[in-house]
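Down below is the structure, laid out as structure tokens.
Throughout, read-outs are computed from the coordinates displayed, never taken from laboratory work. On a predicted model such as this, the values are computed, not experimentally measured, just so you know. Quick reminder, even Gly has a Cβ in these numbers, built from the backbone with ideal geometry, and neighbours come from all protein chains shown.
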Ligand code: HEC
């Protein structure tokens, strides 16, 4: 009986039911599924579409990214403040492959040789011109470098470039 009455509105009802789930999905990490591994994200996300759900302008987000950076020994090559060392500086304005979250995520996950195999070339020259090993597996196995933690590091790197 009640269904009979609702029949003309069925489409509207379905729309209203589906709508919140769409929003919930969009809100869940801004489109990046944080439960996927970094390699899954790289393989399944079209180029340019890995977006950072964290805010480089938020000091808490930036600081937590710096903590992960230190915990996963990026500082061994890039210095504790990202000023460079065995690896190029992350705090200067030169970017070897690009400074958008999508490129940085792929670079950190794949390492630079695999990145180059996928068509990326060095656009700028830093003082160091060596390959960076994949940080998500390989020789330096960093099990704890999850998708979320890579995005947090990227947040910190990007925070170094906010004009103060
Ligand atoms: C074994 C040394 C080493 C470690 C450890 C290392 N890197 Fe690198 N990194 C490099 C080298 C060398 C390059 C330059 C790559 C090139 O020119 O192709 C680089 C490049 C980069 C770049 C691009 C810099 C630019 O100016 O465009 C970023 C960003 C970066 N690394 C982030 C990280 C993060 C985050 C970690 C930790 C998860 C990390 N690296 C760990 C050696 C390292």
**Asked** Using 7 Å Cα-to-Cβ label points, what is the residue 55/residue 81 separation (nm, one decimal)?
**Response** 2.6 nm
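Determine the gain in length on full extension of the stretch residue 130-residue 99; use 0.36 nm per residue of separation and subtract their C-alpha separation, reporting nm with one decimal.
Details: separation 31, 0.36 × 31 = 11.16 nm, distance 1.81 nm.
Gain on extension, residue 130 to residue 99, equals 9.4 nm.
Sorted by packing (mean other beta-carbon atoms within 10 Å per residue), highest first, where do 116-127, 76-87 land?
Details: 116-127: 11.4, 76-87: 15.4.
Most protected by this proxy first, the peptides run 76-87, 116-127.
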**Item:** Residues in segment 65-79 that a label on residue 144 would reach, taking backbone N under 11 Å of a point 7 Å out along Cα→Cβ
**Value:** 67-73
**At R0 = 25 Å, FRET efficiency that the Cβ-Cβ distance of residue 117 and residue 37 yields, to 0.05** = 0.80
**Message:** If I histogram all Cα-Cα distances within segment 46-155 using bins 10 Å wide from 0, what percent of pairs lands in each bin?
**Reply:** 14, 50, 34, 2
